[in-house]
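Participant: Have a look at this one before I ask anything.
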Amino acid sequence: MNFKKIFPGNFACFYLLIAILIASFPISAFAANTNLQLAGCENLCITPDSLGDITNEVIGVSAASEPSLQTIFDSNGFGINAAADQKQYQVWNHDPLKTINFTVQNVVGYSAAVEIFGYYLDGDIDTFVPIFKSQDDPGFATIDFLSQGNKKDFAVNAGSKIGFAIKSYKDGVLKGVHTTQNSLNKDEFDAVLVYDLCSDYILAFEDTYPSSDNDYQDLIVKLGTPTCPLKAKSKIIPADVFSISINSIGLDASGQWSPRTIFESRTQWVVSSSFFF
């Protein structure tokens, strides 16, 4: 086609026609849902082990004067669903030749008992090392009192499996020992709910068994390993549909002008990656 014959001496009309044609081919809006999701992260110093436990615990109703576990999580901004986000971690494996530095925070607790939080090694509660007490009780003068919201650092440089526990005292008398390891608890009671925040763990203790309300807010601690690198397992763009279509205006079968699709492409993809932080 000789456009000079159609538009003699001047291509201005030709350019105008091209512009009109382009305008008559609107590209439909397209978007992909790029909601990135963190599939989890791996602590490179300690590895949690559920010891085969796969059962989520039913959380009981707290006393009317006390907040529920979910309310506590919400007020602290943890972003945790107390029922659905439970992990069944019972011990944390580590290299016994390396020192693991922990930071523990006394988040909150609702119990009349003096709770002494600490750790034990390799499934042996006799190795229990106290870290803090929840009340400023003079009967445990050698153990640091940690008020709610405060933190304390401690290090573990022995054993290959770390468990955590509380010893509950009333009037100076030991009323119970409650560990993250079910087999060490009476009737293998699951006394601790564990939640994984990637950089920290939340441990929610129940200090009474068997006559328990199972509200798991007798002592709540936040446990981190600030000197350990973390590795994100993956970031995912979950099988989203990306589409684009080009429409034109033309005559339909009845002779009316109407839009029609002359090109369309759809594809799906999943993207995953690992990174350190």
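Participant: Please note which strands (runs of 3 or more DSSP E) are completely contained in region 98-184 and include at least 1 residues that are within 27 Å of residue 60 (Cβ to Cβ). Please lay out each step first, then the result.
Facilitator: Working: elements: 100-108, 114-121, 124-133, 151-156, 161-170, 173-179.
Qualifying strands (runs of 3 or more DSSP E): 100-108, 114-121, 124-133, 161-170, 173-179.
Participant: Let me ask another. Every residue in region 73-105 that is farther than 24 Å from residue 41 by Cα and either surrounded by 13 or more Cβ atoms within 10 Å (Cβ to Cβ) or touching a Lys or Arg at 6+ places or on another chain (Cβ under 9 Å) (or both), please.
Facilitator: Our first condition is that a residue be farther than 24 Å from residue 41 by Cα; within region 73-105, this holds for 75.
Those that are farther than 24 Å from residue 41 by Cα and either surrounded by 13 or more Cβ atoms within 10 Å (Cβ to Cβ) or touching a Lys or Arg at 6+ places or on another chain (Cβ under 9 Å) (or both): none in region 73-105.
Participant: Looking at region 190-210, I want the residues that are on the phi > 0 side of the Ramachandran plot and have a partner that is at pLDDT below 95 and assigned to a loop (DSSP other than H, G, I, E, B) with Cβ atoms under 9 Å, at least 6 apart or on another chain. Which pairs are those?
Facilitator: Close Cβ pairs (under 9 Å, with a partner that is at pLDDT below 95 and assigned to a loop (DSSP other than H, G, I, E, B)) amount to 198/40.
Participant: Tally the residues that are under 35 Å from the mean Cα position of the chain (by Cα) and loosely packed, with under 12 Cβ neighbours inside 10 Å, restricting the search to region 132-146.
Facilitator: Adding up the residues that qualify gives 1.
Participant: How many residues, within region 129-152, are of a type in the set (Gly, Ala, Ser) and touching a Phe, Trp or Tyr at 6+ places or on another chain (Cβ under 8 Å)? Walk me through it before giving the result.
Facilitator: Start the filter on region 129-152 by keeping residues that are of a type in the set (Gly, Ala, Ser), which leaves 134, 139, 141, 147, 149.
Filter again for touching a Phe, Trp or Tyr at 6+ places or on another chain (Cβ under 8 Å), leaving 134, 139.
Residues that pass the stated criteria total 2.
Participant: Within region 210-224, which residues are more than 19 Å from residue 71 (Cα to Cα) and touching a Leu at 6+ places or on another chain (Cβ under 9 Å)?
Facilitator: 223, 224
Participant: Examine region 152-166 for a residue that is modelled with pLDDT of 95 or more and farther than 21 Å from residue 46 by Cα, and state whether such a residue exists.
Facilitator: No, region 152-166 has no match at all.
Participant: Then there is this: How many residues, within region 118-160, are among the polar types (S, T, N, Q) and touching a Lys or Arg at 6+ places or on another chain (Cβ under 6 Å)? Steps first, please.
Facilitator: First pass over region 118-160, keeping only residues among the polar types (S, T, N, Q): 127, 134-135, 142, 147-148, 150, 157, 160.
Of the ones still in play, those that are also touching a Lys or Arg at 6+ places or on another chain (Cβ under 6 Å) are none.
Here the count works out to 0.
Participant: Could you count how many residues in region 195-215 are under 19 Å from the mean Cα position of the chain (by Cα), of a type in the set (Ser, Thr, Tyr) and surrounded by fewer than 17 Cβ atoms within 10 Å (Cβ to Cβ)?
Facilitator: 1
The values are calculated or read from the model by the stated rules, or taken from the named source; none is laboratory data. Just so it is clear, the model here is predicted, and its values are computed rather than measured. All Cβ positions, glycine included, derive from the backbone under ideal geometry; neighbour counts span all protein chains shown.
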